[in-house]
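Student: The structure is given below, and queries will be raised subsequently.
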Amino acid sequence: MPKKALEDITKGIIERSQSSRETYLERTAKAQRKIQRGELSCANLAHTYASLPEHIKAKIKNNDKPNFAIISAYNDMLSAHKPLKDYPEWIKETLLQHEAFGQMAGGVPAMCDGITQGYAGMELSLFSRDVIAMSTAIALSHNVFDGAFYLGVCDKIVPGLLIGALSFGHLPAIFIPAGPMTSGLANAQKSKVRELFAQGKVDRQELLESEMQSYHSAGTCTFYGTANSNQMMVELMGLHLPNSAFINPNTPLRKALVHKAATLMATKTPKPIGEMISEKNIVNAMVGLMATGGSTNHTIHLVAIAKAAGIVINWDDFAAISEITPLLAKIYPNGQADVNQFEAAGGLAFVVRELLNAGLLHEDCDTIMGQGLEAYTKNPYLDGEQVVYQEGVQESHNTDILRGVNNPFSPNGGLEILEGNVGRAVIKVSAIDTKHHTIKAPAIIFESQQDMIERFKRQELQKDFIAILPYQGPRANGMPELHKLTPILGALQDQGFKVALVTDGRMSGASGKVPAAIHVSPEALLGGGIAKIQDGDMLLLDAKEGVLQVLLEDQEWEERLPSVPFLREPFGSGRELFAGLRLLAGSTETGAVSFGE
């Protein structure tokens, strides 16, 4: 039974985490007893309140009312974070109505992989998560707050905020999203134009027009990549107001939800986040990831988030949960719909109800709403200016996008772990036709994305092959995503060739119809098997049996030496500033964190 299997997986995580979790909770309890603002010296306290208006100073200086931090990833360059601009003032305004206070404690950087994709700046992306976590800690280091609001949306931003928040686990936390932009050009059409451009059949002007019709306004991108997977997971962990993830920006409901979050913090302050986020919350996030076909990036990020709370999860846990979790959603790149269409079909309220009824979520977990996930089966609506909740839909409004557990798109979540002499890797098969689940073909080694692009342009890749991109891991170059390969490999697959990708880099939520064994661990720079593959080696990538193997005799394979790392310029776009983080990075399978193992 799935419920029993879920309990067994969770029990294993609890037992594995016992020592580290106890240590974390002890540290959290100790932090609650440390100096708070009421015990600060007068000079320290004066610094805390110096910038406040006089009428606020008169109220806050007695220290008998709560004061909450606001930490934001706002900038007006990135569509996903631009809506956050007014949130701090809305939050402060509502807190004051409840005799509480708020201060903008700090900002965290927010970079966009969609802009840096394929360029040097992308090598900063993964470790921007750790920078965000450290920036969060700096914002909270003044030790004068009773809780915190976290405003962020995209790929590395939410994981970084969560890691930082958990390092201050004695403080209550509420995460407030911005929501997705309204729908633009259909995802299938956008993807087709990209493939046609890769083949030289449309020009750059036509490609640009297509992209600007897709990414056209404030809010997150509407495909189901890491950003929107973030919002789903934070919701299933119980850190959002129920079903607030996919409400569009700049709407009355979006603004009302921000005010409601502030009211909740002031009037019914949740448990400290370190106590609230338990092994069961983490498991619920993993179940949600599998049920909705979410981003493979979270096989890295969720491991790091859990570790920040003293909880130890691994790739085998993801695979085990994938095996028992039905795929209930088809959202691009796993289908044609976007997140707005998913929300309209029933959204997360429907998914949570279905999973709860099937015994596939832990109901006995804490959330900012109290205990349990029942509140997350309801949808928010406006009654005048007030948010009210109503029961979510009982039946999907579009079964091409969203289905119940009795009629899923697939009996499992579509994430598999591959193993063999190459190492261990992650593959997402939910968008891959079953005829492509097993690929046996010769290897072609590429030095970089650009190397493959140039060979494709020279018509050298019209054949069956498995592309090997080594030295793309955290230690080597910060583990950039390799999205520019997707149109090329997709076009070759459409032409009838058997193609696949093997890399110690990332593909994220945009993993699509081409088999991609990603996050290969150990990475090449640490002597992983991927560094020993040579041009022409016959490889077997078998997602059905979980195999990633170079088809050589064991002795010949063992005697091979790793290839010499490709020489890369370590400077430019700030890459030199991240050298220490690369040097300290742990393995991909343990979260690739730079804070030490």
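Student: I'd like the distance between the alpha-carbon centres of the stretch 439-505 and the stretch 267-346, rounded to an integer number of Å.
Tutor: Result: 28 Å between the Cα centres.
Student: Express the Stokes-Einstein translational diffusion coefficient of the stretch 116-213 in µm² s⁻¹, to the nearest whole number, given a Kirkwood radius over alpha-carbon pairs, 25 °C and a viscosity of 0.890 mPa s. Before the final figure, lay out the partial values.
Tutor: Details: Rh = 16.4 Å.
Stokes-Einstein gives a translational diffusion coefficient of 149 µm²/s.
Student: Hey, another quick one. What does the charge add up to near Gly102, with Lys and Arg as +1, Asp and Glu as -1, over the other residues with Cβ less than 15 Å from its Cβ? Please list the in-between numbers first.
Tutor: On the way: positive: Arg37, Lys57, Lys59, Lys65, Lys92, Lys260; negative: Asp86, Glu89, Glu93, Glu99, Asp146.
Cβ neighbours under 15 Å give a net charge of +1.
Student: What number, in percent, do you get for the relative contact order of the chain if the mean sequence gap of Cα pairs under 8 Å and at least 6 apart is divided by its residue count?
Tutor: Relative CO of the chain lands at 15 percent.
Student: Report the extension gain between Asp8 and Asp554 in nm, rounded to one decimal, defined as 0.36 nm multiplied by the number of residues separating them, less their alpha carbon distance.
Tutor: Stretched out fully, the Asp8 to Asp554 stretch lengthens by 193.0 nm.
Student: At 20 °C and 1.002 mPa s, what whole-number value in µm²/s does Stokes-Einstein give for the translational diffusion of the stretch 197-314, with Rh from the Kirkwood sum over Cα pairs?
Tutor: D = 127 µm²/s.
Student: Tell me what the chain gives for mean residue ellipticity at 222 nm when only DSSP H runs of n ≥ 4 count, each as -39,500 (n - 2.57), the sum divided by the residue total, rounded to 500 deg cm²/dmol.
Tutor: -11500 deg cm²/dmol
Student: Right, another one. Rounded, prolate or oblate: pick one for the stretch 377-464, where a ≥ b ≥ c are the square roots of the eigenvalues of its C-alpha gyration tensor, a/c under 1.5 means rounded, and failing that, prolate if a/b is larger than b/c, else oblate.
Tutor: Prolate is the answer for the stretch 377-464, as a/c is 1.5 or above and a/b outweighs b/c.
Student: Subtracting the Cα-Cα distance from 0.36 nm times the residue separation, let me have the gained length for Gln36 to His55 in nm, one decimal.
Tutor: Once the chain is fully extended between Gln36 and His55, it gains 4.6 nm.
Student: Does a label point 7 Å from the Cα of Lys85, set along Cα-to-beta-carbon, have any residues of the stretch 234-271 with amide nitrogen under 15 Å, and which are they?
Tutor: What the label zone holds, given the 15 Å backbone N cut-off, is 249-251.
Student: A further question follows. Please work out which option in (1) 75, 53, 50; (2) 98, 70, 52; (3) 71, 61, 43 gives Cα extents along the principal axes in Å calculated from these coordinates, and answer with its label.
Tutor: (1)
Student: Using alpha-carbon positions, what is the distance between the centroids of the stretch 126-191 and the stretch 75-108, in Å?
Tutor: 13
Student: Sequence gap at least 6, Cα distance under 8 Å: using those rules, report the relative contact order of the stretch 315-473 to the nearest whole percent.
Tutor: The normalised contact order for the stretch 315-473 reaches 25 percent.
Student: Given a Förster distance of 51 Å, report the FRET efficiency between Ala46 and Glu460 from their Cβ-Cβ distance, rounded to the nearest 0.05.
Tutor: Working: r = 69 Å, r/R0 = 1.35.
Efficiency, from the Cβ-Cβ distance: 0.15.
Student: Just the accessible area for Thr220, please: 1.4 Å probe, Å², rounded to the nearest 10?
Tutor: 0
Student: Also, quick follow-up: Output the antiparallel fraction of DSSP beta bridges having both residues in the stretch 455-597, as a percent to the nearest 5.
Tutor: 35
Student: Counting DSSP beta bridges with both partners in the chain, what percentage is antiparallel, nearest 5?
Tutor: Here the antiparallel bridges make up roughly 50 percent for the chain.
Student: Leaving ligands, DNA and RNA out of it, work out the accessible area of Glu419 with a 1.4 Å probe and give it in Å² to the nearest 10.
Tutor: About 90 Å², ignoring ligands and nucleic acids.
The values are calculated or read from the model by the stated rules, or taken from the named source; none is laboratory data. The structure displayed is predicted, hence computed values, not measured ones. All Cβ positions, glycine included, derive from the backbone under ideal geometry; neighbour counts span all protein chains shown. Accessible surface is based on the protein model in full, side chains and every heavy atom, while ligands, DNA and RNA are left aside. Shrake-Rupley method; radii C 1.70, N 1.55, O 1.52, S 1.80 Å.
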